[in-house]
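Novice: One structure follows; several queries about it will come next.
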Amino acid sequence: MRTACAFLNSDGGWLIIGIAPTSLKILGQEVTDNTQREIAQHITAIEPAVNVKVEYIDVPERPGNQVIAIYFEAFVWGHQPYTYDSRPYYKVESTTKLMPRDMFEERIRANKPQQYAWERQEADRVTISDLNEERVRGAVRLGVDRGRMMASAITEPFEKVLDKLQLLTNGVPNNAAAALFSTHIFSYTQFRMRMARFRGTDKNSFIDNQRAEGNFFDLLDAGMAFFFKHLSISGEIVGFVRKEYLEIPAEALREALINALCHRQYEKYNLTIGIAIYDDRIEIESPGMLPPQLTTESIRRPHISYPYNPIIADVLFKTTFLENWGSGAGRIMDACKVQNVEAPVWSAQGGFMIVTFKRETKEVASHTSDKHPRTSPQVPPKDDPSTT
């Protein structure tokens, strides 16, 4: 029954009783009324209740014996995780394992987001006056200008705007509001970002080591400024205008950083976003994991959006900072292709999702910048409502 529970929490499968474990010879067993009662009793120990059909199949070579076969459906994301005897199990290849607490809690949150999702919980010691109204209004104007919000949102009372954006819980700011617009982060260690420019290709020595803290937009500003500080910039004169190009497209870096900030697991309060620049690569790391529907390979192909923080993602979509069609990875790769830069790779390591951009050597970069002009935009002024 632990295996049955693991099937229900994984990809489903057949549980067959009556097969020799080593030789796999079909032996069957004698099935009595007591056998059937025992099976039914153990199935009822699986929660939530599962409706399965138990099949009893005769074994011709062994008259009187039957194989017992039960099929269990695959887990559907968003459903409540299953337990047997109050403990959850899942499959790792052909092995039945006790489900890790993080995985179980993530499935509980997905099943009842209104009750358990971090972003919906009331913010700790954050009031409406602690939210940056100017920045909220500026973001709303962008949404109105691009047709994603009603024009009336510009003149509506501040509290009503917050309520329509689902940034209030029981009339007070929730964690999503704090993450996006709070001016006070004293209770949130996760509203910080590590940034380092390392010497060489490992972490043994660094040239620059910084920390930034603040809301989503503060961290986005700090991260993009760090990229422009440490990455090579080439330029050319087009007509009477000088155009400058970052060695890795700013559009790609900005999209990757937005995704890291938007989709991270904020409930992991002791973990932070990281930007690491090495001689040969750039890594953007975000606490969390891909949704079970995606892998580090399939994310590179067109896919449906599975936001981990749907309120934060919805606000960023309405204010034009994010798309909601799962196109982020595609747009990152497209920006790299336009600039003749190798597309990044996605990987999972130690509870973090990492996006890695490969850097060219100085010798290669000096040649390609002449042959293939690059078209990355510069960072807008910080007081621009669309700060990047």
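The values are calculated or read from the model by the stated rules, or taken from the named source; none is laboratory data. This one's a predicted model, so the numbers in the text were calculated from it and none came from an experiment. Note that each Cβ is placed from the backbone with ideal geometry, even for glycine, and that neighbours are counted across all protein chains shown.
Novice: Any residue in the range 218-233 that is crowded, with 21+ Cβ neighbours inside 10 Å, in contact with a Phe, Trp or Tyr (Cβ under 6 Å, 6 or more places away or on another chain) and in contact (Cβ under 8 Å) with a residue 24 or more places away in the chain?
Specialist: Scanning the range 218-233, I find no residue that is crowded, with 21+ Cβ neighbours inside 10 Å, in contact with a Phe, Trp or Tyr (Cβ under 6 Å, 6 or more places away or on another chain) and in contact (Cβ under 8 Å) with a residue 24 or more places away in the chain, so the answer is no.
Novice: Which residue pairs have Cβ atoms under 6 Å apart, sit 6 or more places apart or on different chains, and have a first residue in the range 339-350 that is in the same structural domain as M289 (by TED's automatic domain parsing) and hydroxyl-bearing (S, T, Y) and a second that is at pLDDT 95 or above and surrounded by 13 or more Cβ atoms within 10 Å (Cβ to Cβ)?
Specialist: Short answer, once both residue conditions are applied: S347/I354.
Novice: Among the residues of the range 78-107, which ones are within 26 Å of N309 (Cα to Cα) and among the small types (G, A, S)?
Specialist: Result: G78, single match.
Novice: Please specify each residue of the range 12-44 satisfying the condition of being in a strand (DSSP E or B) and on the phi > 0 side of the Ramachandran plot.
Specialist: Listed by number, the list holds a single entry, G13.
Novice: Suppose the filter is among the β-branched types (V, I, T), in contact with a helix residue (DSSP H, G or I) (Cβ under 9 Å, 6 or more places away or on another chain), under 27 Å from V92 (Cβ atoms) and assigned by TED's automatic domain parsing to the domain that holds G326; does I248 pass it?
Specialist: Details: among the β-branched types (V, I, T): yes; in contact with a helix residue (DSSP H, G or I) (Cβ under 9 Å, 6 or more places away or on another chain): yes; under 27 Å from V92 (Cβ atoms): no; assigned by TED's automatic domain parsing to the domain that holds G326: yes.
Criteria not met by I248.
Novice: If you check every pair at least six apart or on different chains, which have Cβ atoms under 7 Å apart with a residue in the range 182-193 that is touching a residue at least 60 places away in the same chain (Cβ under 8 Å) and closer than 15 Å to S286 by Cβ first and a residue that is of a type in the set (A, V, I, L, M) and assigned to a loop (DSSP other than H, G, I, E, B) second?
Specialist: Q190/L271
Novice: Okay, moving on. So, of the residues in the range 8-40 that are exposed (fewer than 10 other Cβ atoms within 10 Å of the Cβ) and not charged (D, E, K, R), which turns out to be farthest from M99 (Cα to Cα)?
Specialist: So the residue we want is T32.
Novice: So which of A252, A260, A179 ends up being among the aliphatic types (A, V, I, L, M), touching a Ser or Thr at 6+ places or on another chain (Cβ under 8 Å) and in contact (Cβ under 8 Å) with a residue 12 or more places away in the chain?
Specialist: Working: A252 fails: touching a Ser or Thr at 6+ places or on another chain (Cβ under 8 Å); A179 fails: touching a Ser or Thr at 6+ places or on another chain (Cβ under 8 Å).
From the options A252, A260, A179, the qualifying one is A260.
Novice: Hey, K318 hits all of (1) at pLDDT 90 or above; (2) within 24 Å of E342 (Cα to Cα) but one; which does it fall short on?
Specialist: (2)
Novice: If M289 satisfies every condition in (1) out of contact with any Gly (no Cβ under 8 Å at 6 or more places or on another chain); (2) under 20 Å from S10 (Cβ atoms) but one, which is the exception?
Specialist: Every listed condition holds for M289 apart from (1).
Novice: Quick one: count up the residues across the range 139-167 that are surrounded by 21 or more Cβ atoms within 10 Å (Cβ to Cβ) and outside any helix (DSSP H, G or I).
Specialist: Total satisfying the criteria: 3.
Novice: Yes or no: the range 173-193 includes at least one residue that is among the basic types (K, R) and in a loop (DSSP other than H, G, I, E, B).
Specialist: In the first step, residues of the range 173-193 are kept if they are among the basic types (K, R); the result is 192.
Checking the rest, the ones that are also in a loop (DSSP other than H, G, I, E, B) come to none.
So far as the range 173-193 goes, no, none of its residues is among the basic types (K, R) and in a loop (DSSP other than H, G, I, E, B).
Novice: Somewhere in the range 121-129, is a residue under 30 Å from I154 (Cβ atoms), at pLDDT 90 or above, assigned to a helix (DSSP H, G or I) and not assigned by TED's automatic domain parsing to the domain that holds K268?
Specialist: yes
Novice: Of the conditions (1) modelled with pLDDT of 95 or more; (2) not assigned by TED's automatic domain parsing to the domain that holds G12, N111 fails just one. Which one is it?
Specialist: (1)
Novice: When you go through N324, N309 one by one, which is the residue that is at pLDDT below 90, in contact with a Phe, Trp or Tyr (Cβ under 9 Å, 6 or more places away or on another chain) and not aromatic (F, W, Y)? Quick ask: steps written out before the conclusion?
Specialist: Details: N309 fails: at pLDDT below 90.
When all the criteria are applied, what remains is N324.
Novice: Also, I was wondering about something else. Do you know which of the residues in the range 53-87 that are among the β-branched types (V, I, T) and under 20 Å from L98 (Cα atoms) is modelled with the lowest pLDDT? Break it down stepwise before answering.
Specialist: Step one: filter the range 53-87 for residues among the β-branched types (V, I, T), giving 54, 57, 59, 67-68, 70, 76, 83.
Restricting the remaining residues to those that are under 20 Å from L98 (Cα atoms) gives 76, 83.
Numbers: V76: 89, T83: 97.
Here the answer is V76.
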